[in-house]
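Only one structure is covered here, and it is reproduced in the block below.
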Amino acid sequence: MAQTSSPKTYLFQIDSILPDGQSLLNFLNLYLRRSEVAFKIFRKNCCGLDVHKTWIYGCIGITDTNGRTEYKRARFSSFSKGLRDLAGWLAKYGCTEVCMESTGKYWIPVFNILEKSCLVTLAHPKYTKPQRGNKTDRKDAKWICDLFMCDMIKPSFIPSLDIRQLRDLMRYRMKLTNMLTSEKNRALNCLTVSNLKLDDVFSDVFGKSSRSIISYILEHPGETFDVTPFVDRRCKHPIEEIQAAVDGAISREQAAKLKECLQHMDEISAHKKNVEKEILRLAEPYSIQLALIRTAPGISGDPMTAIAILSEIGADMSVFPSAKNLVSWAGCCPRNDQSNGKVKSTRISRAGAYLKPILVQIANAVIKSDKYPECKERYRRLKARRGHKKAIIAICRMLLTAIWNILSKLEPYSAAGYIADKLTEHSVVITQAQGLALLRKRGYIFKDDLAADSG
């Protein structure tokens, strides 16, 4: 028996046999009208852009009152003059709604020019992925236009210009921090291969005492010296152990490498301080929001932590209808992957590549503190059932939900919602010891004699 192709297969092959100028949307509306199957058009005049490094391909879809769509295509240079020509071309056809993919950093110059006159929608590539094997730049632009016309593309969150600038500097600061850590590891390798065990006797190998010892060793190679004048009086390790830790020999080659590493570390630290000054200047208009964010668990210490969170999510929470939308955007909630009543996967997405590590660091610090029992208790309960990783992500979601409420209501953080008394539907009889244990779990601290005797 001959095998017949499914209707789905024919739909994927239609676009390759259409005559020039005939759109897939018109084809479906024309030939499937008998069965009353057609795509609903939400935008009568919109444009799809396929952005590349050198060229930008545009396709405007104009739908008339009869439901027929006419396409206008053009190619523009990615230089500033070409982008201005693109804006003029859109104005010529009265197109004010534009959709494009988030292609690396190439979309940013296009967005900067078009946001003044158009409503620009930035789409994740997973929502605009075309059919494999039938793909060109012009077809990609038309495909994006068709999807955008039928409202089948979810827009990405683009904050305001000042938040984008703050975000860029904060991410650069993070890169500098990573570079500084890498350089410290290289310097530590030089000490290890030279049998200088400073990391065993100093908590910070590049602190004041340890750095002065390293400088003396580089200036006087092979010389035996007393470490007592270089060690701070607050150092916990005895002088004898520190003296034994520097009983090594550093070669000329390792000394040259170590000097360059130390010099590079100082340069990176200086660059980092300059960037932080500019970051603090940009963050001044958001001092109220930053002060409120710092009331959340684990963020009160370093002011840069609050600025990093604000630069990623912005100060206006109206773009996220609820806290769940923000948590999903940050990639801190399990995915929906079910079929036939079975859950296939609950893995979190790869979104929030810069925000998620910050939240994880905060969560790991919060669960060790007794200052926020609501977080510590939630982590303890989830870890017993789901493990450490899933419990930490749950705490990240808890923190992000609290931040959304803080910025939405412009009120400081309060743990009342987590430890509020919840009335039971029916009477529950428990002992006095059980009642005291329940209150302790909710964060209450007793000072009377009764509680002391019962505990």
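The values are calculated or read from the model by the stated rules, or taken from the named source; none is laboratory data. Just so it is clear, the model here is predicted, and its values are computed rather than measured. Please note: Cβ atoms are built from the backbone with ideal geometry, for glycine as well, and neighbour counts cover all protein chains shown. Heads up: the accessible areas ignore ligands, DNA and RNA and are worked out on the full protein's heavy atoms, side chains in. Shrake-Rupley method; radii C 1.70, N 1.55, O 1.52, S 1.80 Å.
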(message) Could you tell me how many of the residues in the range 42-64 are closer than 26 Å to Ser80 by Cβ and open to solvent by less than 50 Å² (accessible area, probe 1.4 Å)?
(response) 12
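Looking at Asn195, is it open to solvent by 70 Å² or more (accessible area, probe 1.4 Å), in a helix (DSSP H, G or I), of a type in the set (S, T, N, Q) and closer than 20 Å to Lys257 by Cβ?
Values: open to solvent by 70 Å² or more (accessible area, probe 1.4 Å): yes; in a helix (DSSP H, G or I): no; of a type in the set (S, T, N, Q): yes; closer than 20 Å to Lys257 by Cβ: yes.
The answer is no for Asn195.
Listed here are the residues, each with its yes/no results for (1) farther than 16 Å from Leu147 by Cα; (2) part of a loop (DSSP other than H, G, I, E, B); (3) at pLDDT below 90.
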{"position": "Asn29", "(1), (2), (3)": "no, no, yes"}
{"position": "Arg33", "(1), (2), (3)": "yes, yes, yes"}
{"position": "Ala38", "(1), (2), (3)": "no, yes, yes"}
{"position": "Cys47", "(1), (2), (3)": "no, no, no"}
{"position": "Asp50", "(1), (2), (3)": "no, no, no"}
{"position": "Thr65", "(1), (2), (3)": "yes, yes, yes"}
{"position": "Phe76", "(1), (2), (3)": "yes, no, no"}
{"position": "Asp85", "(1), (2), (3)": "yes, no, no"}
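Which members of the range 276-303 meet the condition of being of a type in the set (Gly, Ala, Ser) and assigned to a helix (DSSP H, G or I)? Give the derivation first.
Restricting attention to the range 276-303, the residues satisfying the condition of being of a type in the set (Gly, Ala, Ser) are 283, 287, 291, 296, 298, 300-301.
Within the range 276-303, Ala283, Ser287, Ala291 qualify.
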(message) Return the pair list, or none, for Cβ contacts closer than 7 Å from residues in the range 203-218 that are closer than 12 Å to Lys184 by Cβ and outside any helix (DSSP H, G or I) to residues that are among the charged types (D, E, K, R) and at pLDDT below 90, at least 6 apart or on different chains.
(response) Val205/Asp199
(request) Mind listing whichever residues of the range 139-182 are under 30 Å from Pro285 (Cβ atoms) and of a type in the set (Asp, Glu)? (result) Asp162, Asp168
(message) Consider the range 198-217. How many of its residues are in contact with a Ser or Thr (Cβ under 8 Å, 6 or more places away or on another chain) and either among the β-branched types (Val, Ile, Thr) or surrounded by 19 or more Cβ atoms within 10 Å (Cβ to Cβ) (or both)?
(response) 2
(request) Specify the residue that is farthest from Met398 (Cα to Cα); the eligible residues are those in the range 365-384 that are without any contact (Cβ under 8 Å) to a residue 12 or more places away in the chain and buried (at least 16 other Cβ atoms within 10 Å of the Cβ). (result) Lys383
(request) Would you please name the residue that is nearest to Asp64 (Cα to Cα), looking only at residues in the range 163-181 that are surrounded by 14 or more Cβ atoms within 10 Å (Cβ to Cβ) and over 18 Å from the mean Cα position of the chain (by Cα)? (result) Met179
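Would you confirm whether or not the range 87-94 contains a residue that is more than 15 Å from Leu161 (Cα to Cα), in contact with a helix residue (DSSP H, G or I) (Cβ under 9 Å, 6 or more places away or on another chain) and open to solvent by less than 40 Å² (accessible area, probe 1.4 Å)? Steps first, please.
Taking the range 87-94 first, the residues more than 15 Å from Leu161 (Cα to Cα) are 87-94.
With in contact with a helix residue (DSSP H, G or I) (Cβ under 9 Å, 6 or more places away or on another chain) added as a condition, the list becomes 87, 90.
Next cut, open to solvent by less than 40 Å² (accessible area, probe 1.4 Å) only: 87, 90.
Within the range 87-94, one or more residues are more than 15 Å from Leu161 (Cα to Cα), in contact with a helix residue (DSSP H, G or I) (Cβ under 9 Å, 6 or more places away or on another chain) and open to solvent by less than 40 Å² (accessible area, probe 1.4 Å).
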(request) Have a look at Ala255, Ala187 and point out the one that is modelled with pLDDT of 90 or more, among the small types (Gly, Ala, Ser) and within 39 Å of the chain's Cα centre (by Cα). (result) Ala187
(request) Please enumerate the residues belonging to the range 385-417 that are more than 10 Å from Ala296 (Cα to Cα) and among the polar types (S, T, N, Q). (result) Thr401, Asn405, Ser408
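Quick one: which residue in Ala255, Ala306 is under 23 Å from Leu176 (Cα atoms), open to solvent by less than 70 Å² (accessible area, probe 1.4 Å) and assigned to a helix (DSSP H, G or I)?
Working: Ala255 fails: under 23 Å from Leu176 (Cα atoms).
Exactly one residue qualifies, and that residue is Ala306.
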(request) Scan the range 101-133 for residues that are at pLDDT 85 or above, surrounded by 13 or more Cβ atoms within 10 Å (Cβ to Cβ), more than 19 Å from Arg43 (Cα to Cα) and not small (Gly, Ala, Ser) and jot them down. (result) Tyr106, Trp107, Ile108, Pro109, Val110, Phe111, Asn112, Ile113, His124
(request) Please work out if Ser345 is under 15 Å from Ile406 (Cβ atoms), surrounded by fewer than 17 Cβ atoms within 10 Å (Cβ to Cβ) and not acidic (Asp, Glu). (result) no
(request) Out of the residues in the range 134-155 that are free of Cβ contacts under 8 Å to residues at least 40 places away in the same chain and in contact with a helix residue (DSSP H, G or I) (Cβ under 8 Å, 6 or more places away or on another chain), state the one that is most open to solvent (accessible area, probe 1.4 Å). (result) Lys154
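Looking at Cys59, Cys95, can you tell me which residue is within 21 Å of Lys154 (Cα to Cα), under 33 Å from the mean Cα position of the chain (by Cα) and in a strand (DSSP E or B)? Please lay out each step first, then the result.
Numbers: Cys95 fails: in a strand (DSSP E or B).
Being within 21 Å of Lys154 (Cα to Cα), under 33 Å from the mean Cα position of the chain (by Cα) and in a strand (DSSP E or B) holds for just one of Cys59, Cys95, which is Cys59.
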(request) For the range 134-160, name all the residues that are under 27 Å from Glu312 (Cβ atoms), outside any loop (DSSP other than H, G, I, E, B) and at pLDDT below 90. (result) Pro155
(request) Please indicate, with yes or no, whether at least one residue in the range 270-284 is among the acidic types (Asp, Glu) and open to solvent by less than 60 Å² (accessible area, probe 1.4 Å). (result) yes
(request) Considering every residue within the range 377-394, establish whether at least one is in contact with a Pro (Cβ under 9 Å, 6 or more places away or on another chain) and not in a loop (DSSP other than H, G, I, E, B). (result) yes
